Amino acid sequence: MGEIEDAIVRADQEAFTQDPPKTLKGRINFLLKKLKTTRAVAAELGVSQRSVERYRKTPPKPVADRIDTAVRARWQPVVRGRRRKEAATSTGITVETRARFGYTAPVGTTDDGRVRRLTVYLPPAYAQRLFDARAQGAGDRDLRAIVAEGLQEVYFKDGGTRADQLRVEFTDIDYFDVSF
């Protein structure tokens, strides 16, 4: 996963109204409840069926991390869906980033890129496009293009009131976070 995909997953998990199971046994039991069989859980984790039974006690650290990721991906889907829908229809998203922004601008203006730290509210239309692209399996480059377009329109062009021909490139991301 890329920076933007990771940020969306983190923001998605902030919607949890309850914490996922804390114990390893509780997490395995949750996965068994959701996936129905030890074979399906084993396939999800990339281990054997017998290993799933053994891992109720003490799995290796990489497998414990995969168990945690699988549980969090399936935890409270209705709550997360409701929050995404609200962001895509009414509240929008807030993007916080520190990255290099390069420009393509008319002759006579500077197009030197520079690092900026931005916190920008993007309207619901950009949230909807971002969620739709992610659901269709878009890569980080495509998600980055949507965010760059949103930052270009909202921040750099001030909603269309200035810098008409400006094109923004969003590269060298130090950090990226999104909330909705």
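For the chain, what is the charge dipole size about the Cα centre, in debye to the nearest 20, if Lys and Arg each add +1 at the Cβ and Asp and Glu each add -1 at the Cβ?
1440 debye
Which FRET efficiency value, to the nearest 0.05, is calculated for Thr94 and Thr37 with the Förster distance at 41 angstrom and r the Cβ-Cβ distance?
Step by step, r from the Cβ atoms, then E = 0.50.
Mind checking Rg over Rh on the chain, alpha carbons, Kirkwood formula for Rh?
1.10
Can you tell me the orientation of helix 3-13 relative to the chain, as the angle in degrees between its alpha-carbon axis and the longest Cα principal axis, to the nearest 10?
Relative to the chain, helix 3-13 is tipped by roughly 60 degrees.
Test of understanding: what is the full-extension gain from Thr23 to Asp132, defined as 0.36 nm times their sequence separation minus their Cα-Cα distance?
Values: separation 109, 0.36 × 109 = 39.24 nm, distance 3.38 nm.
That works out to 35.9 nm of additional length.
How long are the semi-axes of the ellipsoid equivalent to the stretch 2-64, from square roots of 5 times the Cα gyration tensor eigenvalues, in whole Å, largest first? Display every interim value, and only then the final one.
Details: eigenvalues 113, 41, 28 Å².
Taking √(5λ) for each Cα gyration eigenvalue gives 24, 14, 12 Å.
How high is the relative contact order of the stretch 1-157, in percent, with contacts defined as C-alpha pairs under 8 Å that are six or more residues apart?
22 percent.
So how much slack lies between Val79 and Arg162, counting 0.36 nm per residue of separation and subtracting their Cα-Cα distance, in nm?
Between Val79 and Arg162, full extension yields an extra 26.0 nm.
Ignoring any ligand, DNA or RNA, what whole percent of the accessible area of the chain comes from carbon and sulfur when the probe is 1.4 angstrom?
Details: 5040 of 10350 Å².
Roughly 49 percent, rounded to a whole number.
What does the accessible area per residue of the chain come to in Å², with a 1.4 Å probe and no ligands, DNA or RNA counted?
Using a 1.4 Å probe on heavy atoms only, each residue of the chain averages 58 Å².
The values are calculated or read from the model by the stated rules, or taken from the named source; none is laboratory data. Keep in mind the model is a prediction, meaning the values are calculated, not measured. Backbone-built Cβ (ideal geometry, glycine too); neighbour counts: all protein chains shown. Surface areas here come from the heavy atoms of the whole protein model, side chains and all, with no ligands, DNA or RNA. Shrake-Rupley method; radii C 1.70, N 1.55, O 1.52, S 1.80 Å.
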